[in-house]
Amino acid sequence: MDRMLEPVRGMRDVLPQQQRVLSEVRAQLEAELKCWGYEMVDLPILERRELYLKKSGEELVGKLYDFVYQGRNLALRPEWTASVLRAYVRELQSEPLPLRLAYSGPVFRYERPQRATFRQFTQVGVELVGGPAPLGDAEVVALACRGLERVGVEDYALTVGHIGIVRALLSGLGLAERTANVLLWNMERLRDGNLEPIRQQLADVHDDELFDLGPLAELPDDQLESLLLTMLRAVGLRLDNSTRPPEAIVGRLVRKLRRVDPQPHVERALGLLERLANTRGEPDTALEQLDALFAAERIDRAPIVELAGIIEVLRAYGAGQRLTVDAGLGRGLHYYTGLIFEINASDGLQLCGGGRYDDLVAALGGRGPVPAIGFAYGLERVAAASSMGRMPTNSVVIVMADSGRPANYPSLLSTAERLRARGYVAIIDVRGRSLGANVRDAARRGAAAVVVCDERTPEIVRWHDLAERGEQTLNLDQLPEGALL
């Protein structure tokens, strides 16, 4: 086949049968979100690239479909949260909080295609802006579970973690911010015990920061600063085009040059984080293990207390029996600040994920930090796991005239409309075929019956049932309602 006719790799054609399933599952998910008070928004697919550089993280940024057009750096939307928060900062900051927003639409990520995973896919989700923990977190997680149950996904597992726990463990180790961030976003890689790739990544970071001062290390700070400032000016390097004075710039440089070898702190952090990453299990047991680790390291328990409070409310929602705590959960997006969660099908397929991002509004230029949390379903994955969306065959009928080609076409249309009003999918024969040809066509389409209209009495039809292979004369008003109603 001509390659021109093939979809671009990672994209796909969604044909009628697949689209029926997706549309029905999407409609039911959106209806559930509406029941909880979330209102739909629709936002541009195309955004400025820098929107995703603020807090999304290298993993997502590396998957952007981005390009330059007429001097502007643009990107196709890879996820909805940044766009929704951009719209909130621009248009909705005067609205009363909490603000419950929902969305549904395509996103684009350049990643390896696999089962139910494409480079263009559909997210359906919510953002709860102004809803603090623990009640806001529990509401969003419980809603994610209810939506899956509404579309017939019963066998799923809910996993929760908390980025604040990882940050608290790292905060007292004397690590540079870049080093702490590298460790934070490699949490899920720590489980397998292969630490060398992480050590190498950290070594690359430290190579940028360390410099051997040699004999100059013996000089006091003020003399070293004066010497460096004189040298930089002598080689013509201007430092007066910054918002900070040259002396402050050089002073910071000296502090960085005197920084001690971070490797001992890094090794201690790796050991602690490896223990943390392997803390996974039933909530009470996992929380007890986290308490013991924090007590031994004399770390503030505040994020553990917050997670325990969220779990308590989730149990009130009835979600406790499916719940696993995973202290090594990462999810890859750098804007998360608190609770993070994922929901997986029984075969491991990830259906949904989300988390708290209290700093994102401020990062996008909003009026200070605003508590916020959200989640998104991958619609194609949810549809693959769902039992809904398959059109009942007993609702599909082929409508034809008694004579094949109708003399009274309005009468035929009237019969079809009356069938549709009763909940049937009525497909009119527009080719003027015989009864036998229409019966064969109906069987191929999986239809329930062929309805033959009497043009003189449109309320009376002959009903050819394909399952029973029989015919009966019926009054339309006596027909049972179709299964689509």
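Rundown of residues vs (1) more than 30 Å from residue 83 (Cα to Cα); (2) in contact with an Asp or Glu (Cβ under 9 Å, 6 or more places away or on another chain); (3) modelled with pLDDT of 90 or more, yes/no style:
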position	(1), (2), (3)
370	no, yes, yes
392	yes, no, no
436	yes, no, yes
442	yes, no, yes
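Just to be sure before I move on: is residue 33 within 30 Å of residue 359 (Cβ to Cβ) and either at pLDDT 95 or above or among the polar types (S, T, N, Q) (or both) in the structure I sent?
The answer is yes for residue 33.
Of everything in region 133-178, what is at pLDDT below 95, surrounded by fewer than 21 Cβ atoms within 10 Å (Cβ to Cβ) and of a type in the set (Val, Ile, Thr)? Give them in sequence order.
none
If only one of 360, 351 is of a type in the set (A, V, I, L, M) and either in contact with a Phe, Trp or Tyr (Cβ under 6 Å, 6 or more places away or on another chain) or under 19 Å from residue 133 (Cα atoms) (or both), which one is it?
Matching residue, one of 360, 351: 360.
Suppose we filter region 320-342 for residues that are under 24 Å from residue 99 (Cα atoms) and either surrounded by fewer than 17 Cβ atoms within 10 Å (Cβ to Cβ) or in contact with a helix residue (DSSP H, G or I) (Cβ under 7 Å, 6 or more places away or on another chain) (or both); how many remain?
Qualifying residue count for the region: 8.
Within region 315-339, can you find the residues that are assigned to a helix (DSSP H, G or I) and among the basic types (Lys, Arg)?
Within region 315-339, 315, 322 meet the criteria.
Could you list, ordered by first residue, the pairs with Cβ atoms under 7 Å in which the first is in region 42-55 and in the same structural domain as residue 358 (by TED's automatic domain parsing) and crowded, with 16+ Cβ neighbours inside 10 Å and the second is part of a loop (DSSP other than H, G, I, E, B) and modelled with pLDDT under 90, at least 6 apart or interchain?
Final answer for the pair search is 55/334; 55/335.
When residues of region 463-479 are filtered for being without any contact (Cβ under 8 Å) to a residue 40 or more places away in the chain and either aromatic (Phe, Trp, Tyr) or under 15 Å from residue 419 (Cβ atoms) (or both), how many remain?
Counting residues in region 463-479 that are without any contact (Cβ under 8 Å) to a residue 40 or more places away in the chain and either aromatic (Phe, Trp, Tyr) or under 15 Å from residue 419 (Cβ atoms) (or both) gives 7.
Going by what's in this entry, would residue 415 be described as of a type in the set (Ser, Thr, Tyr) and modelled with pLDDT of 85 or more?
Considered against the rule, which asks whether it is of a type in the set (Ser, Thr, Tyr) and modelled with pLDDT of 85 or more, residue 415 comes out as yes.
Please identify the pairs in which a residue from region 1-29 that is surrounded by 14 or more Cβ atoms within 10 Å (Cβ to Cβ) has its Cβ atom under 8 Å from the Cβ atom of a residue that is among the acidic types (Asp, Glu) and assigned to a helix (DSSP H, G or I), counting only partners at least 6 apart or on another chain.
22/380
Among the listed residues 380, 312, identify the single one that is of a type outside the set (Phe, Trp, Tyr), farther than 30 Å from residue 116 by Cβ and not in a loop (DSSP other than H, G, I, E, B).
Answer to the check: 312.
In this structure, does residue 102 turn out to be in contact with a Phe, Trp or Tyr (Cβ under 7 Å, 6 or more places away or on another chain), of a type in the set (Gly, Ala, Ser) and not in a helix (DSSP H, G or I)?
So residue 102 fits the description; yes.
Looking only at region 430-440, decide whether some residue is without any contact (Cβ under 8 Å) to a residue 24 or more places away in the chain, closer than 24 Å to residue 24 by Cβ and either assigned to a loop (DSSP other than H, G, I, E, B) or outside the structural domain of residue 20 (by TED's automatic domain parsing) (or both).
no
Considering only region 1-29, state which residues are assigned to a helix (DSSP H, G or I), out of contact with any helix residue (DSSP H, G or I) (no Cβ under 9 Å at 6 or more places or on another chain) and not polar (S, T, N, Q).
Within region 1-29, 3, 4, 5, 16, 20, 27 qualify.
Give the residue, chosen from 254, 235, 260, that is surrounded by 16 or more Cβ atoms within 10 Å (Cβ to Cβ) and either at pLDDT 75 or above or more than 24 Å from residue 303 (Cβ to Cβ) (or both).
254
Is one or more of the residues making up region 31-41 surrounded by 19 or more Cβ atoms within 10 Å (Cβ to Cβ) and assigned to a helix (DSSP H, G or I)?
Yes, the conditions are met somewhere in region 31-41.
The values are calculated or read from the model by the stated rules, or taken from the named source; none is laboratory data. Values in this document were obtained by computation on a predicted structure and should not be read as measured data. No Cβ is skipped: glycine too gets one built from the backbone with ideal geometry, and neighbour counts run over all protein chains shown.
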